[in-house]
1. If I go through the stretch 19-53 residue by residue, how many of them are in contact with a Leu (Cβ under 7 Å, 6 or more places away or on another chain), open to solvent by 40 Å² or more (accessible area, probe 1.4 Å) and under 19 Å from Asn114 (Cα atoms)?
2. What about Ile76, is it in a helix (DSSP H, G or I), among the β-branched types (Val, Ile, Thr) and open to solvent by 20 Å² or more (accessible area, probe 1.4 Å)?
3. So Leu294 clears everything in (1) surrounded by 17 or more Cβ atoms within 10 Å (Cβ to Cβ); (2) under 16 Å from Leu390 (Cβ atoms) except one condition, right? Which one?
4. Going by what's in this entry, would Tyr361 be described as free of Cβ contacts under 8 Å to residues at least 40 places away in the same chain, part of a helix (DSSP H, G or I) and at negative phi?
5. Identify the single condition in (1) farther than 23 Å from Thr9 by Cβ; (2) surrounded by 20 or more Cβ atoms within 10 Å (Cβ to Cβ) that Ser176 does not satisfy, given that it satisfies every other one.
6. Regarding Gly254, is this residue in contact (Cβ under 8 Å) with a residue 12 or more places away in the chain, buried (at least 22 other Cβ atoms within 10 Å of the Cβ) and either touching a helix residue (DSSP H, G or I) at 6+ places or on another chain (Cβ under 6 Å) or farther than 24 Å from Phe124 by Cβ (or both)?
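The values are calculated or read from the model by the stated rules, or taken from the named source; none is laboratory data. Nothing here was measured: the structure is a model prediction, and the numbers come from that model. Cβ atoms come from the backbone with ideal geometry, glycine included; neighbour counts cover every protein chain shown. Accessible surface is based on the protein model in full, side chains and every heavy atom, while ligands, DNA and RNA are left aside. Shrake-Rupley method; radii C 1.70, N 1.55, O 1.52, S 1.80 Å.
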Amino acid sequence: MDFTFTSRTRPYLTGLFFDGISSGMFMMAVPWMMLSKPNMGSFVAMVALTCTVLSFLLTPVFATFIDRFSRKQLLIWVQIVQATTAALVAVFYGLGIESQWILAAAQLIFWVSNNLGWSSNGAFTQENFEPNEYAALSGKQEIIMQTTTLGSGALGVILLEMWGMFEFSCLAALASTIASISYIVTPYRRRLSQSIASSFVTQIKESRTIIARKPRFFAFVMLSALSYPILTFLSKLVPIWFAETGVSGSWFAGYNIAFALGSLVTGLLVGRLLGLSSHPKIMIGAMSIASVMLLGMSLSPYPQILLAFTFFFGTFNALNRIARTNWMHHVIDIQQRGRADGMLQMFSTLAQSISYVAIAYLSHFGITQLGFYLAAAVMATAVIVMMRLLKNPEFNISPAQA
């Protein structure tokens, strides 16, 4: 893998690094903090459901923001919001005001703003870099994301058991502040039109037209995007299952690390892996193997075995996501990237909402482990439908016009 950096990539990747630390700590570790209290499994699941419902409702608005305003400015403002949120949590806990509702509110803000930041990053990458840079940059992004977002989530669980929320929140606020500064100094080559004749509402309504122009393409990538709600489903299912079976927090940290290491392997090899076949075929192959790994996780009687399957699930889950993202860089028009990602995100968020209802149901009746079987079945079904779509003679996708 090529580890050379340009003047544009260095500050951008630095911002992505500290962005991942901050969001990873709050998104992955704070739910474990709430689960440290007894009988909180259903509460954590319902908080996650609230986050996904609000994200779903705001996605069309955020997607249109991305196609109207500077994507660099959006990245900066996301970090300012997250730094302020973490700082406020630190102030509350520093004053001795401790509440599960404060943590739930902080998770809500981080969750919603992180969704905006995630979509803005994809559009920013397509706009600010050249097509021949996408594959190499994707590998670097994956390495940074996995060593920070999930790695800091694992570290966050450990830190929460050693520190209090005050120190934890201060560190998250500092990371978001550094990320915002890094994005500020990143050179930005804006190619998004600054004079838009359509109104904001009209642009939102145009999202349906974007889908209608390439229905099979969007059906295919939506099924591929199910890997994300399955991942977030597991991120809530695993700690609840561990908590119910008396498994310590260090094993949940191990789960995060195993997934991150698997994804890290993909990031290191992504340049070669993407050259093995076309993007759609790579996505189908990666999801097929990932579904087998999910089945292995469902049959794991011990956390050690579950972590081994998690490593390989992380590897092929990342490959599917990177192949999908790179394919969209080449196929989607820059002026429409925000809304195209927004439609995918709405589908993904809807799937997340359903998954959290399932977690609450499974946790309530004490059958949490069945959630692994459910995830495996959903991904396997998606693979079968994707294969049928790819075999359709009308499945012909032309590249976007620059």
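1. Residues meeting the conditions: 1.
2. Details: in a helix (DSSP H, G or I): yes; among the β-branched types (Val, Ile, Thr): yes; open to solvent by 20 Å² or more (accessible area, probe 1.4 Å): no.
When the stated conditions are applied, Ile76 does not pass them.
3. It fails just one condition, (2).
4. Taking the combined requirement at face value, the residue satisfies it.
5. (1) is the only condition that Ser176 fails.
6. Values: in contact (Cβ under 8 Å) with a residue 12 or more places away in the chain: yes; buried (at least 22 other Cβ atoms within 10 Å of the Cβ): no; either touching a helix residue (DSSP H, G or I) at 6+ places or on another chain (Cβ under 6 Å) or farther than 24 Å from Phe124 by Cβ (or both): yes.
Judged against the criteria, Gly254 is not a match.
Rundown of residues vs (1) in contact (Cβ under 8 Å) with a residue 12 or more places away in the chain; (2) surrounded by fewer than 19 Cβ atoms within 10 Å (Cβ to Cβ); (3) part of a helix (DSSP H, G or I); (4) β-branched (Val, Ile, Thr), yes/no style:
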site	(1), (2), (3), (4)
Leu319	yes, no, yes, no
Thr325	yes, no, yes, yes
Gln345	yes, no, yes, no
Ser355	yes, no, yes, no
Thr368	yes, no, no, yes
Phe372	yes, no, yes, no
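Residue-by-condition table, conditions (1) surrounded by fewer than 22 Cβ atoms within 10 Å (Cβ to Cβ); (2) at pLDDT below 80:
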position: Ile204; (1), (2): yes, yes
position: Ile211; (1), (2): yes, no
position: Phe217; (1), (2): yes, no
position: Val221; (1), (2): no, no
position: Leu231; (1), (2): yes, no
position: Lys236; (1), (2): no, no
position: Glu244; (1), (2): yes, yes
position: Ser250; (1), (2): yes, yes
position: Gly275; (1), (2): yes, no
